[in-house]
Structure formats: structure tokens, C-alpha cells
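To start, the structure itself, in C-alpha cells.
The values are calculated or read from the model by the stated rules, or taken from the named source; none is laboratory data. Just so we're clear, the structure is a prediction, and the values are computed from it rather than from any experiment. We place every Cβ from the backbone using ideal geometry, glycine too, and count neighbours over all the protein chains shown.
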Amino acid sequence: MIRVQGLRKCYRSGKVVNEVLRDVDLEIETGELVSIVGPSGSGKTTLLHAIGGLDTDYEGEVVVDGKKLRQLGDLELSVYRNRHVGFVFQSFYLLPHLTCQENVALPALFARGDEALSHRKALKRAAEVLEQVDLADKIDARPTTLSGGQRQRVAIARALFNHPKLMLCDEPTGNLDSAMGKTIIELFRALNEQEKITMIIVTHDPSVSALTPRTIVCRDGKLREERRELTPASSETTEVEA
């Protein structure tokens, strides 16, 4: 599904060069649920953006489903991001003047050619995914009337709209209290198990990463891996160097 090889990313400010990722290698199989943790500035979000095709200004190679992302043109990258990847961010990025259903249907505006849906079909699909995240009763509500957890579930429904093979989540619980954060992660786990969606969750919260079978620790531009066998009552962790 995902293969990252020799990924190197630098940010330059004048003569100062900050090497955020240093020859990073990573493989993630189809259907895995993975968290990426690390201190601020460690490169975890940079890694996520490279996998999501949001940033192609790096050295090395990122291959997703056989596609070498740096070799894709702007149109191909747009199709990749819209059709194959669902993005969930810490900020919900919902438009306040639209209903929840209309917000969820927004990806239909960016579809092209045979992939384009009629307005009626787009709204029908939006209703389906709102029901999937247990918000069928909020279909006509405006985002400003919802709680933080409900708004994040609307954002998750929008990410699910195009049946993505991959979901990339950047601090999805960062604006939520711990109880609602756990609820959101349990929703991700259910989607991963039922829909077989490959999921990568960037988080600074160890209680979030503890709920994923595999955790990638990003520190000083390098990766270290943790795997755990999850059970309903406890988890057991082993560590290996990546």
C-alpha cells in the first residue's frame, strides 16, 4: 500500500537549514491502523503530508498503491487526493453557512469526468456517511450548532465521502476532551476493521496511540517502531528499530 524510501525533507530559512526528515524508510500494508507520535517539529506532519500528496518537495520516494507521487502531475495529484485519500485535521474546516449534509458533499465539487456525481447523488451519499458516523439526525444542522465531537464526526464523514482506500488524520482529537477523543479513535478503529481502510493518525497524545496496533515514533528526523497486541482490557507492547 505505502512505501517510503530514503525520504529527506529540509526547510531553509536564509542560510539556516533544518533537516526535518533524514533518509526515512517506512512500509505500511493495506488495511493497517498506524499512529505516528513525536514531539513538535519532529517531522510527523511532514511525513503525513508527503504520503497524502500535499507536499512533493522532498528527496527520496513515496509510493502509494503503485503510484510514485513525485512523478504525478498536478491534475493526477488532485485526483489522488480527492478520490483515494480522506483527510481529517485538528481544525474541522467546516463551512458554517452550509448544512452538515452540504459540507460532507463538498468533495463532489472537485470530481471530474466520469467520477462526477449529480447534486442529488452527492447529497444521497452525504446522508449515507452521516448515518455511518451516527449523525443522521444532524443532516440539516449547521456546524455552529454542534459540539466539537459532532463537528469532527462531520469532518470524518466528509473524508469517507469518496470511499477512500487511505485516511490520513492529523491530530484529530487535538480540539476534543479526552472522553470524546477516545470516542473518535474508537470510530476510526471500527472503520478500519469494517471498511478495511488503511489509517494513519498523527497524534501527540499517548492515550490515542495506545489504541492503535502499530505506532511509529518520529524523533530527530528518524523513525522508531512500536507494535502492540490489543485486547479489550489491556495492551502489550514490543519495540523494534525501524
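Checked across the range 192-209, the condition of being small (Gly, Ala, Ser) and at pLDDT below 90 holds for at least one residue.
Listed here are the residues, each with its yes/no results for (1) modelled with pLDDT of 95 or more; (2) under 23 Å from Glu229 (Cα atoms); (3) exposed (fewer than 12 other Cβ atoms within 10 Å of the Cβ); (4) in the same structural domain as Val64 (by TED's automatic domain parsing).
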site	(1), (2), (3), (4)
Ile2	yes, yes, no, yes
Gln5	yes, no, no, yes
Arg12	no, no, yes, yes
Lys15	no, no, yes, yes
Val20	no, no, no, yes
Glu29	yes, yes, yes, yes
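Scan the range 211-242 for residues that are of a type in the set (Asp, Glu), at pLDDT below 50 and not in a strand (DSSP E or B) and jot them down. Once the filter is applied, which keeps residues that are of a type in the set (Asp, Glu), at pLDDT below 50 and not in a strand (DSSP E or B), the range 211-242 yields nothing. I want to confirm something. Restricting to the range 72-117 and keeping residues that are outside any loop (DSSP other than H, G, I, E, B) and aromatic (Phe, Trp, Tyr), which single residue is modelled with the lowest pLDDT? Checking each candidate, the answer is Phe110. Number of residues in the range 8-23 that are hydrophobic (A, V, I, L, M, F, W, C) and in contact with a Lys or Arg (Cβ under 7 Å, 6 or more places away or on another chain) equals 2. In the range 175-197, the residues that are assigned by TED's automatic domain parsing to the domain that holds Thr30 reach residues that are surrounded by 12 or more Cβ atoms within 10 Å (Cβ to Cβ) and part of a helix (DSSP H, G or I) with C-beta atoms within less than 6 angstrom, at least six apart or across chains, in these pairs: Asn175/Gly148; Leu176/Gly148; Leu176/Gly149; Met180/Gly149; Ile184/Gln152; Ile185/Val208; Ile197/Leu191.
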